[in-house]
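The structure appears right after this line, and notes come after that.
The values are calculated or read from the model by the stated rules, or taken from the named source; none is laboratory data. A quick note: this is a predicted structure, and the numbers were derived from the prediction, not measured. Counting neighbours? That spans all protein chains shown, and the Cβs are built from the backbone with ideal geometry, glycine included. To get the accessible areas, we keep the full protein, side chains included, count just its heavy atoms, and leave off ligands, DNA and RNA. Shrake-Rupley method; radii C 1.70, N 1.55, O 1.52, S 1.80 Å.
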Amino acid sequence: MKKLLTVFLALCASLAAFVFAGCDNGGDNSGKSGEVVLGVQSVAFTAKDDIITLNDTTSVKDYMDALKENGELVFDGNDGSYGYYITSFYATEEKLISSTATSSEGYSWSFYIDFITLDGDDAVYASDYATYDFNGKTLYSASYGVSGIPCVAGHTYAFVYEYYNYSW
């Protein structure tokens, strides 16, 4: 037990050192295109036009790819039936604990956005069945992967590493 606790504490210290080294403290952001906020179990950003030119067809995936090319974000994912889904950030991968014909349990990167619909658009991009509070702003569970959500300047997007347990 003591050895397990030592390994756990060492892992936490390493993760904390990484997270704090990667966080923007609100000071001079010269040389950086975007502000990506890294947390122990979350990654969030507010879209800006200085990463790529945002237009009506820019998806969150396009924006994230630009951040990745800039070296500001490290992620992996795959295409699913509702778009591109994130499976890992900075080597923290989804984890399946158990799966049966009628249930699934594990950890995954949940995607939250600060809008359900957008003005002038009939699409519903999120649901309030699950919410996440980020810096005093309520974010809603996205209904699609990052390739199916528009990236709009000034809007906040967050990924939270969360436990899930589904039965059907």
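Side notes on the structure shown:
- Whichever residue in the range 124-142 is among the aliphatic types (A, V, I, L, M) and open to solvent by less than 30 Å² (accessible area, probe 1.4 Å) and, among such residues, is nearest to PHE45 (Cα to Cα): LEU139
- The strands (runs of 3 or more DSSP E) found entirely in the range 78-168 that carry 1 or more residues being out of contact with any Gly (no Cβ under 8 Å at 6 or more places or on another chain) and under 19 Å from ASN55 (Cα atoms) are 103-113, 156-167.
- Extreme residue, farthest from VAL74 (Cα to Cα), among residues of the range 106-117 that are open to solvent by less than 70 Å² (accessible area, probe 1.4 Å), of a type outside the set (Gly, Ala, Ser) and in contact with a Phe, Trp or Tyr (Cβ under 7 Å, 6 or more places away or on another chain): ILE116
- When each of ASP62, ASP121, ASP76, ASP114 is tested for being modelled with pLDDT under 95 and among the charged types (D, E, K, R), the lone residue that passes is ASP121.
- Among residues of the range 130-147 that are over 28 Å from ASN78 (Cβ atoms), those with a beta-carbon under 7 Å from a residue that is open to solvent by less than 70 Å² (accessible area, probe 1.4 Å) and outside any helix (DSSP H, G or I) at least six positions away or on a different chain give the pairs LYS137/ASP114; LYS137/THR156.
- From the options ASP65, ASP56, ASP49, residue that is free of Cβ contacts under 8 Å to residues at least 40 places away in the same chain, farther than 26 Å from THR131 by Cβ and either open to solvent by less than 50 Å² (accessible area, probe 1.4 Å) or of a type in the set (D, E, K, R) (or both): ASP65
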